[in-house]
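The values are calculated or read from the model by the stated rules, or taken from the named source; none is laboratory data. Since the structure is predicted, the reported quantities are computational estimates derived from the model, not experimental observations. When we count neighbours, we look across all protein chains shown, and the Cβ atoms used for this are built from the backbone with ideal geometry, even at glycine. Surface areas here come from the heavy atoms of the whole protein model, side chains and all, with no ligands, DNA or RNA. Shrake-Rupley method; radii C 1.70, N 1.55, O 1.52, S 1.80 Å.
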Amino acid sequence: MNIIIQSLSQIIMPFNLMLITLGTLFGMVCGALPGLSSSMAIILCLPFTYSMDPVSGVLLLVSVYVGGATGGSISAILLKTPGTPEAVATTFDGYPMSQRGDAGLALGLAVSASSFGTIFSAICMVISAPLLAVLALKFQSAEYFALGLVGLSCITSIGSKNQMKAILSVLLGLMFSTIGIDSINGIERFAFKQPFLLNGINYISVMIGAFAIAEVYRNVEELSHRDTSTVTNSKVSLVIMKFSEMLKMWKTFIKSAIIGTVIGIIPAAGGSIASLISYGEAVRSSDTPEEFGKGIPEGIIAPESANNAAVGGSMVPTMVLGIPGSPVAAVIMAAFMILGLRPGPLLIRDQPILLNAIFFGMLIAALLLFVGGRFVTREFARILKLPYPLLGTLIATLGVVGAYSLKNSFYDVAIMFIFGFIGYYFEKFKYSSSAFILGLILGELVENSLRKQIIIGNGSWSGFVERPLSLFILMVAAITFLSPIISKYKKNKKAKTEKSTH
């Protein structure tokens, strides 16, 4: 009890409250701008923490992390441009909802789900950090491969309209993920002696191109303005869900937060994988899976609750084991060391106040999302008032800045425009850009885990099924992949039966 009181006394200091507020707002702004990820936002804030005490510095960085995980949904919903990789799945239903004039509701759903996911994972973090860290240690190559398959199995849910084309799209994404130097044996693959391809294709450039630039191309072809009449004549502001409405979808909130927390705990998994798996599970377990992709609330709640829950989850192995739970957590772990803190088992014993301070800081940041979200979304949504020729130019400019800022390379900008055309033709011929991005993101994880496990097993595949946790995850992947296909088959068979009887 004494530790909790000391932690609260640290949090309520005006300076620390100001840091949490500024950090959350800054994270949301950076998350909303394509290319400026949570990692970039934290790196920009890092120099300011050098002269701070450890608790203040960590609170600033964690609040930026929370704000960044939420901010990506703003541009995903308003512009079909995921501000961060974690927000890819949010575009599936967020943008359609925005197009029909419910941008405020979509943003409100995203903020509510993000806030819930953050609070849920923060509670899990402080209550069971040491226990949950044991789970992370059980993950080896076989489990990582199985987890990657769970992510890939979501394609049958994402591409429910044409599952065969979705499968072809994800296979193409997996093929593109092999470009560059092989991380296991160092052999050059499919780089065609081009130096800029040796590091592979950055999926963020591809993501901006396939979603944002492709949308600009489509509107330019139609030579018409985007239909924003329901948005431009009034201010876009958050429409916060009533508690009674949230209770109706409590299963989606809870299930997605659990998925996000667990996947966040697994080292190197992160919020992007959590959001995609959570979205796929929401489609699989829904009574109306055909409504996903058209602007259904659960399609926003699932990924946003999961990717913010992954924030708290990723802090568990970072603090308890000294193993970053996500790429962003790796930056925070480096900040810990700069501040004189050594992540690992002794951190919880030696710095109990720090763990509780992070917990309370995340709670305050989650509540600030409602207040800061209103301000950021209102200001960001002003660009929707622009005529589409100007709006399209602005989107393309943001895309160029975002792609270039990744490595300060014009090659990334060129890749963005190339994949803009690919995304445009994907949509034109009913292929799935989302499935392609999914394959590109998960390709390296799946391939490397598969090969490492086969090497460990001296060429044997038995390790994938002999390890209980791996076998269980593989079964989940199979169920996730086959359920939409079986459901669609039964529905078509029933429709044919009813048609023949009539």
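Pairs meeting the criteria (first residue in segment 352-376 and closer than 22 Å to MET333 by Cβ, second residue surrounded by fewer than 19 Cβ atoms within 10 Å (Cβ to Cβ) and of a type in the set (Gly, Ala, Ser), beta carbons under 9 Å, at least 6 apart or on different chains) are lacking. Scanning segment 29-76 for residues that are open to solvent by 10 Å² or more (accessible area, probe 1.4 Å), at pLDDT 80 or above and among the aliphatic types (A, V, I, L, M) yields a total of 4.
Could you list, in sequence order, the residues of segment 181-204 that are in contact with a strand residue (DSSP E or B) (Cβ under 9 Å, 6 or more places away or on another chain) and more than 30 Å from TYR279 (Cα to Cα)?
Within segment 181-204, ILE181, ASP182, ILE187, GLU188, ARG189, PHE190, ALA191, LEU197, LEU198 qualify.
For segment 483-496, does any single residue satisfy the condition of being open to solvent by less than 40 Å² (accessible area, probe 1.4 Å) and either hydroxyl-bearing (Ser, Thr, Tyr) or under 22 Å from the mean Cα position of the chain (by Cα) (or both)? Yes.
Consider PHE243 carefully, then state whether it is over 26 Å from SER112 (Cβ atoms), at pLDDT 70 or above and among the aromatic types (Phe, Trp, Tyr).
Considered against the rule, which asks whether it is over 26 Å from SER112 (Cβ atoms), at pLDDT 70 or above and among the aromatic types (Phe, Trp, Tyr), PHE243 comes out as no.
Taking ILE415, is it in a helix (DSSP H, G or I), open to solvent by 40 Å² or more (accessible area, probe 1.4 Å) and either within 20 Å of LEU474 (Cα to Cα) or among the β-branched types (Val, Ile, Thr) (or both)? In short, no. Counting only residues that are within 15 Å of CYS154 (Cα to Cα) and part of a helix (DSSP H, G or I), segment 264-305 holds 19 of them. For segment 418-433, filtered to residues that are closer than 15 Å to LEU168 by Cβ, of a type in the set (Phe, Trp, Tyr) and within 24 Å of the chain's Cα centre (by Cα), the residue that is most open to solvent (accessible area, probe 1.4 Å) is TYR431.
Restricting ALA166, ALA191 to residues that are touching a Ser or Thr at 6+ places or on another chain (Cβ under 8 Å) and either surrounded by fewer than 18 Cβ atoms within 10 Å (Cβ to Cβ) or not charged (D, E, K, R) (or both) narrows the list to ALA166. Is it the case that segment 290-301 has a residue that's at pLDDT 75 or above, closer than 30 Å to CYS45 by Cα and open to solvent by less than 10 Å² (accessible area, probe 1.4 Å)? Looking through segment 290-301, at least one residue is at pLDDT 75 or above, closer than 30 Å to CYS45 by Cα and open to solvent by less than 10 Å² (accessible area, probe 1.4 Å).
Inside segment 451-480, residues that are outside any helix (DSSP H, G or I) and surrounded by 13 or more Cβ atoms within 10 Å (Cβ to Cβ) make up a count of 2.
The residues listed here are SER483, SER409, SER449; of these, the one that is within 21 Å of ALA89 (Cβ to Cβ), among the polar types (S, T, N, Q) and touching a residue at least 24 places away in the same chain (Cβ under 8 Å) is SER483.
Within segment 99-121, the set of residues being at pLDDT below 85, in contact with a helix residue (DSSP H, G or I) (Cβ under 6 Å, 6 or more places away or on another chain) and buried (at least 22 other Cβ atoms within 10 Å of the Cβ) comprises ALA103 only. Can you tell me which of (1) of a type in the set (Ser, Thr, Tyr); (2) outside any helix (DSSP H, G or I); (3) buried (at least 16 other Cβ atoms within 10 Å of the Cβ) is the one THR178 doesn't meet? Checking THR178 against (1) of a type in the set (Ser, Thr, Tyr); (2) outside any helix (DSSP H, G or I); (3) buried (at least 16 other Cβ atoms within 10 Å of the Cβ), the one that fails is (3).
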